[in-house]
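Asker: Below is one structure. I have some questions about it.
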Amino acid sequence: MTARFKPKTVYVTYIASTPEKVWQALTSSEFTRKYFWERDVEIEPKRGGAFMLRLPDGRINVQGKVLDHDPPRRLSVTWHVEWPEDFRKLPECVVTYDIAPADGAVRLTMTESHSWDVPEAILSGGRMGWPAVLSGLKSLLETGTAPAIQMEPPKEMIEAIRRLKV
Amino acid sequence: MTKPVFVYVTYIASTPEKVFKALTDGDATAKFWFGNAVTSDWKVGSAVTFHRDGKLVVSGQVLENDAPRRLSYTFQAQHAPHNGAEKHSRVVMDLEQQRDQVKLTVTHDDFAPDSKVFASISNGWPLVLSSLKSYLETNRVLYAPWYEEAAKREAEKAVS
């Protein structure tokens, strides 16, 4: 089903850690709430299982399904934004994390893929957000502390979503 | 055809002054940039060179120096397999303080048509800037396997 999804945003970071720890940081809420703007990840560890990011107040931020679950090498999920409400009309995308050993460190590659001709303005959200999230993950694993990088979705993205007809 | 532009953003728990210094100081770059030592007086128009083991790997010229906010220079890959064959491209580094973090944006563009250097730098920058972040936050650096392999191959060639 993912053949029609084309990669639109790729972010690579190298982390002084192990593939197992990077996998744990991506799939356990004890870690995600520290670097992913306090969101808890919930994941059923099998293909077809449920995937979710939950806000501290319990609301669902992102919902999807597990496409590929191959610890500690590859996690791929569908990604539908449930909150903010305006974002719900966006078609789901696919987020894939590839984890590979790289000479004593780990190369983590995040790929965001889309099934439609998504406007640049809407892509700007992920392009702004992923570097902050994955810089935080790297700091958390290397130093034990993740920064609190404050961020709102870009105005151009919000306007493009409002204009979007579905 | 759209011209290729490489953009990479990283957040570093540091100050703009320290990040700027790390990017412009040869002793620092030799540590986090896999042995590549930068030399320049960083005046607009002055030469910028990166040497590794005494060998020129990148050369260019300072375009802009607005320390500690912005640094820009031209960039010509002198290392194998490029060996200075391609015209200069352009590197722009923007540093922005955000609370206790520095948002560092590296924009590399103005490449030759059908550039081969573009693929090299697209692989290189994420590792260089990940290593810079580790260096400033933990005083540790990361290693680049393909740089080591390339150096080994060249050394073997020189012997045979």
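The values are calculated or read from the model by the stated rules, or taken from the named source; none is laboratory data. All values reported here derive from a predicted model rather than from experimental measurement. When we count neighbours, we look across all protein chains shown, and the Cβ atoms used for this are built from the backbone with ideal geometry, even at glycine.
Asker: Assuming A:T145 fulfils every condition listed in (1) away from chain B (no Cβ under 14 Å); (2) not in a strand (DSSP E or B) apart from one, which condition is it?
Answerer: Failing condition for A:T145: (1).
Asker: Select from the range B:40-99 the residues that are of a type in the set (F, W, Y) and closer than 23 Å to B:A112 by Cα and list them in ascending order.
Answerer: Narrowing the range B:40-99 to residues of a type in the set (F, W, Y): B:42, B:50, B:73, B:75.
Passing the criteria: B:F50, B:Y73, B:F75.
Asker: Can you name the condition, by its number, that A:W37 falls short on among (1) modelled with pLDDT of 95 or more; (2) under 14 Å from A:L134 (Cα atoms); (3) among the aromatic types (F, W, Y)?
Answerer: Of everything listed in (1) modelled with pLDDT of 95 or more; (2) under 14 Å from A:L134 (Cα atoms); (3) among the aromatic types (F, W, Y), A:W37 misses just condition (1).
For (1) part of a loop (DSSP other than H, G, I, E, B); (2) within 16 Å of the chain's Cα centre (by Cα), each residue gets a yes or a no:
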position	(1), (2)
A:W83	yes, yes
A:R88	no, no
A:P91	yes, yes
A:D98	no, yes
A:P101	no, no
A:S113	no, yes
A:I122	no, yes
A:G125	no, yes
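Asker: While we're on this one: Considering (1) crowded, with 20+ Cβ neighbours inside 10 Å; (2) part of a loop (DSSP other than H, G, I, E, B), say which one A:G58 fails and leave the rest.
Answerer: (1)
Asker: Can you list residue pairs whose Cβ atoms sit under 9 Å apart, with the first residue in the range A:107-123 being surrounded by fewer than 18 Cβ atoms within 10 Å (Cβ to Cβ) and the second being among the hydroxyl-bearing types (S, T, Y) and modelled with pLDDT under 95? Count only pairs 6 or more apart in sequence or on different chains.
Answerer: A:S115/A:T2
Asker: I'd like to know if the range B:95-105 contains one or more residues that are under 26 Å from B:G54 (Cβ atoms) and more than 10 Å from chain A (Cβ to nearest Cβ).
Answerer: No, the range B:95-105 has no match at all.
Asker: Right, something else. Test of understanding: among A:E85, A:E44, which residue is surrounded by fewer than 16 Cβ atoms within 10 Å (Cβ to Cβ), at pLDDT 95 or above and acidic (D, E)?
Answerer: The conditions single out A:E44.
Asker: Among the residues of the range B:96-111, write down those that are more than 15 Å from the chain's Cα centre (by Cα) and touching a residue at least 24 places away in the same chain (Cβ under 8 Å). So that I can check it myself, show each step before the final result.
Answerer: Pass one, the range B:96-111, residues more than 15 Å from the chain's Cα centre (by Cα): B:96-103, B:110-111.
B:E96, B:Q97, B:Q98, B:D100, B:Q101, B:V102, B:K103, B:D110, B:F111, listed by residue number.
Asker: For the range B:14-38, enumerate the residues that are within 11 Å of another protein chain (Cβ to nearest Cβ) and either out of contact with any strand residue (DSSP E or B) (no Cβ under 7 Å at 6 or more places or on another chain) or surrounded by fewer than 20 Cβ atoms within 10 Å (Cβ to Cβ) (or both).
Answerer: B:F34
Asker: How about the range B:126-143: which of its residues are more than 9 Å from every other protein chain (Cβ to nearest Cβ) and modelled with pLDDT of 95 or more?
Answerer: Result: B:V128, B:L132, B:Y135, B:L136.
Asker: Shifting gears a bit: Can you spot a residue in the range A:23-32 that is surrounded by fewer than 21 Cβ atoms within 10 Å (Cβ to Cβ), of a type in the set (V, I, T) and under 21 Å from A:P153 (Cα atoms)?
Answerer: Checked against the condition, which is being surrounded by fewer than 21 Cβ atoms within 10 Å (Cβ to Cβ), of a type in the set (V, I, T) and under 21 Å from A:P153 (Cα atoms), the range A:23-32 yields no hits at all.
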